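Below you'll find the structure, written out as structure tokens, and then a few comments.
The values are calculated or read from the model by the stated rules, or taken from the named source; none is laboratory data. No experiment lies behind these values; they were computed from the predicted model shown. Here Cβ is always computed from backbone atoms with ideal geometry, including for glycine, and neighbour counts include all displayed protein chains.
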Amino acid sequence: MRPEILNPLFAEVDSLKGVGPQLTKLLKKLGISRVVDLLYHLPTGAIERIKAPAAEASLLGRTVILDVTPFETRESRSGRGPTRIFATDSGGNAISLVYFNNPGWAKRTLPIGQQRIVSGKLEQYGDEWQIIHPEVSEPGKGPPPLIREPVYPLTEGLTNRRLGELVREALERAPELPEWIEPSLAARECWSSWRASLALIHRELGAEDARRRLAYDEIFANQLALLLLRQSQRRHRTVSLPGTGELIRKLHLPYQLTDAQRRVIREIRGDMAQHVPMLRLLQGDVGSGKTLVALASMLTAVESGAQAALLAPTEILARQHHSTLLGQLDSLGVRVAILTGREKGRARDSVLMGLADGSIDILVGTHAIFQEKVAYKQLGLAVIDEQHRFGVSQRLLLASKAEHPPHLLVMTATPIPRTLTLTQYGEMDVSRIDEMPPGRTPVETRVISEEKLPDVINGLGRHISGGGQAYWVCPLVEESEKSDAAAAEERARVLKMRFGDDKIGLVHGRMKGADKDAVMERFASGDLAVLVATTVIEVGVDVPNATLMIVEGAERFGLAQLHQLRGRVGRGSGKSTCLLIRGQNLTDVGRARLSLMRETSDGFRIAEEDLRLRGPGEILGTRQSGDEVFRAAKPEDVETLAPIAQSDAQLLLDRDGGLKGERGQAARVCLYLFERDQAVGLIRSG
Ligand code: ADP
Ligand code: MG
């Protein structure tokens, strides 16, 4: 149960003065639904106003506050031009106050002969002083204009002033929370309390200490949650799975393992031989051969008499893994099954039965395989592929259910910079595949302007008439699957007209699973020459004969995403090409990002750069995907503060594992504040 002290923070925004359904809706658009969201809606800048007795040349272009008295109102004759209200300031200058809309309001608010306070940017028009759309207040009534006004991200229909008022009211309601930061750390960093820091950051831009303190809070909650997760997993004992090596020896591979593959398999088998459940993250760039490592680990489990499950992020990838495994394992007598949201009725029942009685050794599937109804005879190992869609929250949720956790191997193709690894996977041990299989030729990457689209299509024609296959990826249009699908459909239509219906396939997120599979299969078997797709093919798909990747609207993708997409080609020994088609209005950052793609194929470097250029949200996806996204913390903070937060959280748990002491209780408040409710469930009792 959430501590009562937090109740005012988690109250809905409509509990604030004057917030009705309409305002609630606008706030929701900004992601603000509770008082606490308002507090963490941080300003991005500030307006500085100068209180001046009179207009003067040195103030031109600045935002001024002036006392004025209107003496004449002039409306445009046509009714289409602006309304001008002429006023004198305290120095006797005439100044024109200009409104382009709402003449009635302007006249009421600035009545002739009455003193008013106006504020806005001072300009010169001919030889007249003027302010366009000044804000107005009446002396002695309501708050005077702020000398410093924080500027907030806004949405249409909501003014900065109104939002500022709401934030101030939220601040008044915010209670002082018990301090969870180690006193010596707070002293060393000159940090104020949580509440004071929030007040400061909303009052003064550049309140850097305050922002860092708030950043630390988030990172601390994150590190504490991950340590609790690790601790709870480690408390359990599990079955040791030493393996015999027998099945792995029988596996027929057309190639030699790389040294890196050998090394990480050794690390994993070492873990699985223990009675403490493995918690290991396997990082390896796209194409580094993680699937084989997963296979070796699963066979180790099967050799030891246990079952293994492989969780894929998409239906397409699950089917692909399933068919690869079937091909490799059938002759070894290892029984493999698949379970996704699509297996229904009898098929589903028979899989469920096989899992329960142990006649299925390896299960491949989507998140359906972790549902409650799925009972295994003895699940020894769970492998999660392409982890970046399976975030901290999901892992916490999973842990809070598990009594006897299986060994866990999490594989990610997203090259996560070291600094982010700590906040995303801080509870895990890390293995890296830092070497590519031999014989890969790097993918040639070219950035092409969209004006050259006809040339690109001609080039595609030559490519496929020579027997080649290609991907054509259409961009996110408006973050809605509907419009993405429409763009992809349109592209497919154009290509079909040119190259023939039977050569072009289309997959997008709104298609039915079975239809997607059918298209994927036709592409994999070489029946289709071109696969037009939205980013549903981003992760994992492996069709070695496809050596051309075309990405439309490339500037709209995150670099890590482009890297994933490019990783779909260059899988065989043939030469591969990736064409990044860019729109015409490219920003400097956009240009820099795309040229980085051309320069390097090193996924880690790309991810580090992307992090620097665009922030962690881009690399790790959005909040909905379950990954950690911070509101106050910037990448630099993560880098410097995460190690401190980790050791601080560890120290706290060492001293007070049940989080019962004063700081322990405060730390619980911090976990709840950042919605780590499940983590609280993992605190050791007794
Ligand atoms: P990822 O790490 O992106 O999941 P995959 O496991 O899909 O990569 O492997 C990419 C391709 O490399 C596959 O076609 C796979 O068969 C091949 N491969 C894996 N290991 C080796 C190796 N040691 N030597 C040569 N090819 C390999
Ligand atoms: Mg993979």
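Some points to look at:
- Of all residues in the stretch 1-51, those satisfying the criterion of being under 19 Å from Glu156 (Cβ atoms), among the β-branched types (Val, Ile, Thr), touching a residue at least 60 places away in the same chain (Cβ under 8 Å) and outside any helix (DSSP H, G or I) are Val19, Thr44.
- Check on Ala318, within 16 Å of ligand 1 (Cβ to nearest atom), modelled with pLDDT of 95 or more, under 30 Å from Gln424 (Cα atoms) and out of contact with any helix residue (DSSP H, G or I) (no Cβ under 7 Å at 6 or more places or on another chain): no
- Residues in the stretch 144-155 that are surrounded by fewer than 20 Cβ atoms within 10 Å (Cβ to Cβ) and closer than 13 Å to Ile65 by Cα: Pro144, Leu146, Ile147, Arg148.
- Residue tally, condition over 16 Å from Leu548 (Cβ atoms) and assigned to a helix (DSSP H, G or I), over the stretch 493-515: 9
- Flag if Gly61 is over 30 Å from Leu198 (Cβ atoms) and in contact with a Lys or Arg (Cβ under 8 Å, 6 or more places away or on another chain): yes
- Scanning the stretch 587-603 for residues that are acidic (Asp, Glu) and not in a loop (DSSP other than H, G, I, E, B) gives Asp588, Glu599.
- Test: residue in the stretch 87-101 that is acidic (Asp, Glu), assigned to a loop (DSSP other than H, G, I, E, B) and either out of contact with any Leu (no Cβ under 8 Å at 6 or more places or on another chain) or buried (at least 19 other Cβ atoms within 10 Å of the Cβ) (or both): no
- Flag if Ile360 is modelled with pLDDT of 95 or more and assigned by TED's automatic domain parsing to the domain that holds Tyr425: yes
- All of Leu171, Leu177, Leu214, Leu185 fail the test of being at pLDDT 95 or above, buried (at least 20 other Cβ atoms within 10 Å of the Cβ) and out of contact with any Asp or Glu (no Cβ under 6 Å at 6 or more places or on another chain), apart from Leu214.
- Which numbered condition Glu675 misses (of (1) buried (at least 16 other Cβ atoms within 10 Å of the Cβ); (2) within 22 Å of Ser393 (Cβ to Cβ); (3) modelled with pLDDT of 85 or more): (1)
- The stretch 365-419 - residue that is hydroxyl-bearing (Ser, Thr, Tyr) and away from ligand 1 (no atom under 16 Å from the Cβ) and, of those, modelled with the lowest pLDDT: Ser400
- Among the helices (runs of 4 or more DSSP H) confined to the stretch 241-324, the ones with at least 1 residues that are without any contact (Cβ under 8 Å) to a residue 24 or more places away in the chain, away from ligand 2 (no atom under 16 Å from the Cβ) and closer than 24 Å to Gly570 by Cβ are located at 259-272.
- Filter result (touching a residue at least 40 places away in the same chain (Cβ under 8 Å) and either among the basic types (Lys, Arg) or out of contact with any Asp or Glu (no Cβ under 9 Å at 6 or more places or on another chain) (or both)) within the stretch 123-143: Glu123, Gln124
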